[in-house]
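S.K.: Starting off with a structure, shown below.
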Amino acid sequence: MSETTGRPNRAGSGEDSIYWDKSKERFIGAVSLGYTPAGKRNRPKVSGKTKTEVRRKLRELKRELEAGRKAPANYTVAQAVNDWLSQGLKGREVGSLDTYRSLANVHIIPALGRGKLRELEADELDDWLESKRGELSSQSLKMVHSVLRRAITHAQRRGKAVRNVAEWVEVPDGRPGRPSKSLSLEQGEAVLQAMEGTWIHVYVVLSLLVGVRTEEARPLLWTHVHTAPEDGLMPHINVWRSVRRNDETKTRKSRRSLAMPQQVADVLDAHRGRQEAECRAAGKLWNPDGLLFPTSEGERRTALNVRRNFRLLLKAAGWERPNDWTPRELRTSFVSLLSDHGLPIESIARVVGHSTSSTTEKVYRKQLRPVISEGAEVMDEIFRTGSASDAESS
C-alpha cells in the first residue's frame, strides 16, 4: 500500500499483489506478467478468505507458471479420471475398460472426485488408500492407485495438471486375495455328469479335460475343432483366439493346438448335432464356422454369463456353496489332476500355454508336485468313459 496515495502498490512484472475486493468479500492475489501479444494485461489471479490462504495459492500458481502451464482452477479429480477413461484408453480391450471404469466409479470418484485436482495432496491419498486396506486385496489396491496415477498423467499431458501426487505415495498391502482352488477327482467326476446335454456341460468338459482358459473357450469356432481328423492325428482343438484385443491369445505360447481325450471329442460331436437340430427346427441353416457356445442371439457369451451358468451346474452337481467357485478354477483343476497323476511340470506348462514351467509352478504351486509322464492320454485314464467302464464290467 502506498504511504502517500493509500492505493495498492503497482506490481512489477512477476511480482505479487494482494488486495481486498469488497464486491466479492474476498482477498484477491495477482501476479503481473506484463502484457499479452494482443496488448491485454496478463494478470492471473487467485482468491481466498484470508491473506495467508491467498499467499499460499499465489505460491502454487507461480510454481505452475514456472512449469510452463497453468492448471485449471476448477478441474476436478472426477473430470481427470473420466477424461482418461474416454480419451486415454483408445484401442484397449472392452474388458479392461469395464474394469477401470468400475474401479473409478466405485472407489475413486465417490471418495476423491469432487476435489480440485490442483489441490490434491499426498497426505490425502495416503489416508484414502489406508481406508481401503480392509476392503480391497493388494492387487486391487495397486490397480485403483494405477488408475488415478495414469489419469493425472493424462491431465499433465494436456496442461490440466502440473504435479502428479499419486507418484509420491506408497500403496499399502490390502487384505489377502481369494486363493484359487481345484476340484478333487470325486468333484471332477460330479461336474462332468451334471446337466448333460446343455452347452455349459460341454463348456465344463472342454475346460476341465483340455485345460483351455475361459477367455479362450468363449470365442472358439467350430472350424477350430477337429474331432475326427483325416490326417491320422488325434482329435484336437486349435486354441488360436481369445477375447483379448484383436482376438490375440495371452502370450505367443498360448497359441497352440491341443489333443483332446476321446470323451471330449464325443461330447463335442453330440453338441454339434444338437446345434444343427436346433437350427433345422428354427428353419435356419447351421453355420459350420460359427461359435461353439453362442447366445440365443448368436453372439459371443460374456464372462458373467458363463460364470452364472457354471454355478448353476455346480448347484445341480450338489455343491452347497457354488458361488465360491469360478470357471477359471476348472483350469486350475486340470493342472492339479495332471500333476497328481504324474505328468511333469514341463509338460503341463506346454499344454496350458505358459511361457516357462516356473510360471506354472508359481501360479499353481499348491496343486503341483514334481513327477514323471502327456495330456489327453492322461485325462482319458483319470476320467474313464462310461463305455470303457461298461466294457470292463461286462
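S.K.: Check every one of the helices (runs of 4 or more DSSP H) wholly within region 74-131 and list those with 2 or more residues that are over 19 Å from V169 (Cβ atoms) and of a type in the set (D, E, K, R).
M.R.: Details: elements: 77-87, 94-103, 109-112, 122-131.
Hits in region 74-131: 94-103.
S.K.: Out of all the residues in region 139-177, which are surrounded by fewer than 18 Cβ atoms within 10 Å (Cβ to Cβ) and in contact with a strand residue (DSSP E or B) (Cβ under 8 Å, 6 or more places away or on another chain)?
M.R.: Scanning region 139-177 gives R175, P176, G177.
S.K.: Another question, if that's okay. Quick check on L304: is it in a helix (DSSP H, G or I) and not β-branched (V, I, T)? Full working, then the answer.
M.R.: On the way: in a helix (DSSP H, G or I): yes; not β-branched (V, I, T): yes.
Yes, satisfied.
S.K.: Out of the residues in region 137-170 that are assigned to a loop (DSSP other than H, G, I, E, B) and either small (G, A, S) or touching a Ser or Thr at 6+ places or on another chain (Cβ under 8 Å) (or both), which is farthest from N74 (Cα to Cα)?
M.R.: Kept after step one, since they are assigned to a loop (DSSP other than H, G, I, E, B), are these residues of region 137-170: 158-164, 169-170.
Narrowing further to those that are either small (G, A, S) or touching a Ser or Thr at 6+ places or on another chain (Cβ under 8 Å) (or both): 159, 161, 164.
Details: G159: 13, A161: 11, N164: 17 Å.
Among residues in region 137-170 that are assigned to a loop (DSSP other than H, G, I, E, B) and either small (G, A, S) or touching a Ser or Thr at 6+ places or on another chain (Cβ under 8 Å) (or both), the one farthest from N74 (Cα to Cα) is N164.
S.K.: On the given criteria, is G273 out of contact with any helix residue (DSSP H, G or I) (no Cβ under 7 Å at 6 or more places or on another chain) and either buried (at least 18 other Cβ atoms within 10 Å of the Cβ) or modelled with pLDDT of 90 or more (or both)?
M.R.: Values: out of contact with any helix residue (DSSP H, G or I) (no Cβ under 7 Å at 6 or more places or on another chain): yes; either buried (at least 18 other Cβ atoms within 10 Å of the Cβ) or modelled with pLDDT of 90 or more (or both): yes.
Spelling it out, G273 is indeed out of contact with any helix residue (DSSP H, G or I) (no Cβ under 7 Å at 6 or more places or on another chain) and either buried (at least 18 other Cβ atoms within 10 Å of the Cβ) or modelled with pLDDT of 90 or more (or both).
S.K.: Go through region 276-296 and give me each residue that's surrounded by fewer than 13 Cβ atoms within 10 Å (Cβ to Cβ) and under 21 Å from P327 (Cβ atoms).
M.R.: Matches in region 276-296: T295, S296.
S.K.: What number of residues within region 41-62 are part of a strand (DSSP E or B) and surrounded by 14 or more Cβ atoms within 10 Å (Cβ to Cβ)? Show your work before the answer.
M.R.: Let us first name the residues in region 41-62 that are part of a strand (DSSP E or B), namely 41, 45-48.
Still in the running and surrounded by 14 or more Cβ atoms within 10 Å (Cβ to Cβ): 45-48.
Summing the residues that are part of a strand (DSSP E or B) and surrounded by 14 or more Cβ atoms within 10 Å (Cβ to Cβ) in region 41-62 gives 4.
S.K.: Another question about this same structure. What is the one condition in (1) loosely packed, with under 15 Cβ neighbours inside 10 Å; (2) out of contact with any Ser or Thr (no Cβ under 8 Å at 6 or more places or on another chain); (3) not charged (D, E, K, R) that S339 does not satisfy?
M.R.: Evaluating S339 over (1) loosely packed, with under 15 Cβ neighbours inside 10 Å; (2) out of contact with any Ser or Thr (no Cβ under 8 Å at 6 or more places or on another chain); (3) not charged (D, E, K, R) leaves (1) as the failure.
S.K.: What's the number of the condition I237 fails, among (1) in a loop (DSSP other than H, G, I, E, B); (2) at pLDDT 80 or above?
M.R.: (1)
S.K.: Of the numbered conditions (1) crowded, with 18+ Cβ neighbours inside 10 Å; (2) in the same structural domain as Q275 (by TED's automatic domain parsing); (3) of a type outside the set (V, I, T); (4) outside any helix (DSSP H, G or I), E196 satisfies every one except a single condition; which is it?
M.R.: Every listed condition holds for E196 apart from (1).
S.K.: Conditions: (1) within 19 Å of V81 (Cα to Cα); (2) in contact with a helix residue (DSSP H, G or I) (Cβ under 7 Å, 6 or more places away or on another chain). M195 meets all but one. Number of the miss?
M.R.: Result: M195 passes all but (1).
S.K.: Still on this structure, I have one more. Taking the criterion of being hydroxyl-bearing (S, T, Y), over 17 Å from the mean Cα position of the chain (by Cα), closer than 30 Å to K62 by Cβ and not assigned by TED's automatic domain parsing to the domain that holds E329, would at least one residue in region 129-149 satisfy it? Show your work before the answer.
M.R.: First pass over region 129-149, keeping only residues hydroxyl-bearing (S, T, Y): 131, 137-138, 140, 146.
Pick out the ones that are also over 17 Å from the mean Cα position of the chain (by Cα) and you get 131.
With closer than 30 Å to K62 by Cβ added as a condition, the list becomes none.
Taking every residue of region 129-149 in turn, none turns out to be hydroxyl-bearing (S, T, Y), over 17 Å from the mean Cα position of the chain (by Cα), closer than 30 Å to K62 by Cβ and not assigned by TED's automatic domain parsing to the domain that holds E329.
S.K.: Mind checking which pairs have a first residue in region 45-56 that is within 15 Å of A30 (Cβ to Cβ) and a second that is at pLDDT below 90 and among the polar types (S, T, N, Q), Cβ under 7 Å, 6 or more apart or different chains?
M.R.: If the second residue must be at pLDDT below 90 and among the polar types (S, T, N, Q), the pairs left are V54/S47.
S.K.: Going by the conditions given, is R331 buried (at least 17 other Cβ atoms within 10 Å of the Cβ) and modelled with pLDDT of 70 or more?
M.R.: Details: buried (at least 17 other Cβ atoms within 10 Å of the Cβ): yes; modelled with pLDDT of 70 or more: yes.
Here the answer is yes, as R331 does meet what is asked.
S.K.: Next question, about the same structure. Quick one: count up the residues across region 1-31 that are modelled with pLDDT of 80 or more and assigned to a loop (DSSP other than H, G, I, E, B). I'd like the intermediate steps shown before the answer.
M.R.: Looking only at region 1-31, we keep the residues that are modelled with pLDDT of 80 or more, and these are 17-23, 25-31.
Next, only the ones that are assigned to a loop (DSSP other than H, G, I, E, B) stay: 22-23, 25.
Total satisfying the criteria: 3.
S.K.: Would you check which residues across region 108-138 are over 16 Å from V165 (Cβ atoms) and exposed (fewer than 14 other Cβ atoms within 10 Å of the Cβ) and list them?
M.R.: P110, R114, S131, G134, E135
The values are calculated or read from the model by the stated rules, or taken from the named source; none is laboratory data. Since this is a predicted model, take the numbers as computed values, not measurements. Note: ideal-geometry Cβ built from the backbone for every residue, glycine included; neighbour counts use all protein chains shown.
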